[in-house]
1. So is residue 186 over 20 Å from residue 264 (Cα atoms) and in contact with a helix residue (DSSP H, G or I) (Cβ under 9 Å, 6 or more places away or on another chain) or not?
2. With the requirement that a residue be in a strand (DSSP E or B), touching a Phe, Trp or Tyr at 6+ places or on another chain (Cβ under 8 Å) and among the β-branched types (Val, Ile, Thr), what does the range 220-264 give you?
3. Looking at the range 132-161 only, could you name the residues that are open to solvent by less than 40 Å² (accessible area, probe 1.4 Å) and under 29 Å from residue 38 (Cα atoms)?
4. State all residues of the range 202-225 that are buried (at least 21 other Cβ atoms within 10 Å of the Cβ) and more than 13 Å from the ligand (Cβ to nearest atom); if no residue qualifies, say none.
5. Pairs, please: C-beta under 7 Å, at least 6 apart or cross-chain, first residue over 21 Å from residue 231 (Cα atoms) and of a type in the set (A, V, I, L, M) and in the range 270-282, second open to solvent by 70 Å² or more (accessible area, probe 1.4 Å) and not in a loop (DSSP other than H, G, I, E, B)?
6. Among the residues of the range 114-126, write down those that are open to solvent by 30 Å² or more (accessible area, probe 1.4 Å) and either touching a Cys at 6+ places or on another chain (Cβ under 7 Å) or at pLDDT 95 or above (or both).
7. How many of the residues making up the range 24-70 are more than 17 Å from residue 122 (Cβ to Cβ), under 21 Å from the mean Cα position of the chain (by Cα) and in a loop (DSSP other than H, G, I, E, B)?
8. Under the condition of being of a type outside the set (Val, Ile, Thr) and buried (at least 21 other Cβ atoms within 10 Å of the Cβ), which residue from the range 184-201 is farthest from the ligand (Cβ to nearest atom)?
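The values are calculated or read from the model by the stated rules, or taken from the named source; none is laboratory data. Small disclaimer: the values here were computed from a predicted structure and weren't measured. Reconstructed Cβ throughout: ideal geometry from the backbone, glycine too, with neighbour counts over all protein chains shown. For accessibility, only protein heavy atoms count, side chains too; no ligands or nucleic acids. Shrake-Rupley method; radii C 1.70, N 1.55, O 1.52, S 1.80 Å.
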Amino acid sequence: MSSEMNQNMCLPTVFLNGRLMPFEDAYISPLDRGFIFGDGVYEVIPFYDGMGLRCTEHLQRLQRSLDGLEIANPYTIAEWEAHIGALITANHGGNVGVYIQITRGVAKRDFSPPVGLTQTVFMMANPLATPKPEVYEKGISCVSLDDNRWLRCNIKATALLGAVMLKHAGNQEGADEVMLFRDGYLTESSASNIAAVKDGVILCPPLDNLLLAGITYELMIELARKAGLPLQIRRVSRHEVRAADELWIMSSTKEVVPITMLDGRPVGHGSSAGKPGALFRKMFSLFQEYKHGLKPLGR
Ligand SMILES: Cc1ncc(COP(=O)(O)O)c(C=O)c1O
């Protein structure tokens, strides 16, 4: 593989099954159940100059995803932290998103998951592509689509074809992202959570099996509550989303980004229509403040 291709994919040193190695040396079997069935889970943990944003919470969610698929966790939290730290150091630090994937392992192709397999564990560090300043100024566009993914979206599974096809459909309609609705209620986006604002109140869809419990979503709620911002966790209808004053997406790689166009129409009303709103700006600055107070791994 050319080094240019390598650069575009991830940083040069990766982790596979307990060992750090050059990306070019990392091979897995085509019979890996992750490849054959998407039988695995993943995480993406942001690190800023070696400091993880809610690393423990990400590793706890990884545990919940593994529990959901009945795959044993090969490492303790302390062992994960040591391996992640070594991977980041081997790639010379900086701002990276550590991608972790665990699959059930390698077996003869059979739907029934065999017991006693050895999990395949892969990690890579990708440069963290936090949105450029103009994205925060201008916002992004979304289209509404019916959420036709499976009913266990709370598991961060590697089987992501539903999200891939929805994102593709949104992009084909010329939008940056998709806003998904199940039975007329907001769930999330293809790879981020969504919040709406109406009359100064932040509205967040409740966590259940229909969406991923985003670490950024939970952090934003915590920061909003600490700052005394009015917030309700409740179902948000398609009608309310259309009438919202503000909409944002939130994720580990995007942080918080305003949605300024929905289905070809500006979000919001009057002179602020189509522009990032006041509560977005407040949340953005609360998040940046939080980021600056991060501590190194294990502290
Ligand atoms: C479907 C989905 N929802 C929400 C999120 C946001 O989660 P987090 O804030 O933990 O990155 C992601 C992140 O990948 C996701 O894939």
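1. No: the conditions fail for residue 186.
2. Hits for the range 220-264 are 256, 257, 259.
3. Hits for the range 132-161 are 142, 143, 144, 145, 147, 149, 153, 155, 156, 157, 158.
4. If the condition is that a residue be buried (at least 21 other Cβ atoms within 10 Å of the Cβ) and more than 13 Å from the ligand (Cβ to nearest atom), then 202, 203 are the ones that fit.
5. Matching pairs, first to second residue: 273/266.
6. Once the filter is applied, which keeps residues that are open to solvent by 30 Å² or more (accessible area, probe 1.4 Å) and either touching a Cys at 6+ places or on another chain (Cβ under 7 Å) or at pLDDT 95 or above (or both), the range 114-126 yields 117, 118, 119, 122, 124, 126.
7. Within the range 24-70, residues that are more than 17 Å from residue 122 (Cβ to Cβ), under 21 Å from the mean Cα position of the chain (by Cα) and in a loop (DSSP other than H, G, I, E, B) number 4.
8. 196
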